Amino acid sequence: MNIFAITGSVTLDALRETGRMAVFAGRGALASILGPFYWRAFFSSLVRIGFTSLPVVGLTAVFTGAALALNIYDGSLRFNAETFLPQILGVSIVRELGPVLAALMVAGRCSSAMAAEIGTMRVTEQIDAMSTLAVDPFKYLIAPRIIATTLALPILVLIADIIGVYGGYLVAVYGLDFSGPVFIRNISEFLQNRDVVSGLFKAGVFGFLIAVMGCYYGYRSRGGAQGVGAATRTAVVAAAVSILASNYVMTSFLVEF
């Protein structure tokens, strides 16, 4: 019976935490729609999340594209199908690897920063003081970060797709003796609009999840510096898991269309 009691307790705690998170995400989304809107906080978050994440996203994309091209070529040689390298590379990056890897990089960089910043404000009672001054923390702290991350990540993913394909292009043309114009033409002819749109749609959902996880665990942090550290660590793990889980759900839904 102790095993059943422990299992039931863990399940109830997980459901309770999921409910709190859903309510928090709903309040954040509602605050993003209703005014007042703090433009300075939004643009500040947009620069920190979008522009400053470009180097790490770009480096991740170019090396991923280069390594993927080598692996596809090595595997396709066994079936004498190495000419399909550009098509497989383009679809793999645009549909899956670009959105997922870019989101994981942004989650590790920005979700932790959100949790640390908001968590510090929570433990130092700055959020309580904000509420005392009739400033809604959700509208001033949460909504700008959610909107900025949701808008910035599709742009980052689009750039990552281009850089990742270019990394594969460099390896294929200068290392595997592919023709450059033929490589580009094969990708452009094989890719469809829905491939790009599905990747950008995933990126928007990933951005929303990253912001919600970072803000949620930072907003609920307790216990001083140790609590802020725990919130930061949990936010990154939760964001990464939610990205991978939601990617499977969205992929299973999108392939039907």
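The values are calculated or read from the model by the stated rules, or taken from the named source; none is laboratory data. Note that the coordinates shown come from a computational prediction; the quantities given were computed from them, not determined experimentally. Every residue, glycine among them, receives a Cβ derived from its backbone with ideal geometry; neighbour counts consider all protein chains shown. For the accessible areas, the whole protein counts, side chains as well, though only heavy atoms, and no ligand, DNA or RNA atoms are used. Shrake-Rupley method; radii C 1.70, N 1.55, O 1.52, S 1.80 Å.
With Cβ to Cβ distances under 15 Å as the rule, what net charge do the other residues near Gly168 carry (K, R +1; D, E -1)? Can you show the working numbers first?
Details: positive: Arg95, Arg185; negative: Asp74, Glu82, Glu96, Asp161, Asp177.
Here the charged neighbours net out to -3.
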Quiz item: How many Å² of accessible area per residue for the stretch 199-257, probe 1.4 Å?
Solution: 47
Quiz prompt | Förster radius 41 Å - calculated FRET efficiency between Asn193 and Ala230, Cβ distance, rounded to 0.05 | solution = 0.40
Practice problem: Hey, can you find the accessible area per residue of the stretch 119-176 for me, probe 1.4 Å, expressed in square angstrom? | Solution: 43
Quiz item: Per-residue HN-Hα couplings for the stretch 53-65, Karplus 6.51 cos²θ - 1.76 cosθ + 1.60 at θ = phi - 60°, whole Hz, x for Gly and Pro?
Solution: 8, 4, x, 5, 5, x, 5, 4, 5, 5, 6, 5, x
Quiz item: Once the other residues with Cβ under 13 Å from the Cβ of Leu209 are scored (Lys, Arg +1; Asp, Glu -1), what is the net sum?
Solution: +2
Exercise. Sort all Cα-Cα distances of the chain into consecutive 5 angstrom bins from zero, then give the percent of pairs in each bin up to the one containing the longest distance.
Key: 1, 6, 12, 15, 16, 13, 11, 8, 7, 5, 4, 2, 1, 0
Quiz prompt | Label-to-label distance, nm, for residues given as Val241 and Tyr166 (7 Å Cα→Cβ offset) | solution = 3.7
Self-check item: HN-Hα J in Hz across the stretch 200-212 - Karplus 6.51, -1.76, 1.60, θ = phi - 60°, x for Gly and Pro
Solution: 6, 4, 4, 4, x, 5, 4, x, 4, 5, 4, 5, 5
Quiz item: Taking R0 as 45 Å, what's the FRET efficiency between Arg40 and Tyr174 from their Cβ-Cβ distance, rounded to 0.05?
Solution: 0.45
Self-check item: Dipole in debye (nearest 20) - the stretch 181-257, about Cα centre, beta carbon charges: Lys, Arg +1; Asp, Glu -1
Solution: 340
Practice problem: For the stretch 80-89, take each phi angle, set θ = phi - 60°, evaluate the Karplus expression 6.51 cos²θ - 1.76 cosθ + 1.60, and give the result in whole Hz per residue in order, putting x for glycine and proline. | Solution: 6, 10, 5, 5, 8, 4, x, 5, 5, 4
Quiz item: Counting alpha carbon pairs within less than 8 Å and at least 6 residues apart, what relative contact order, in whole percent, applies to the stretch 95-220?
Solution: 57
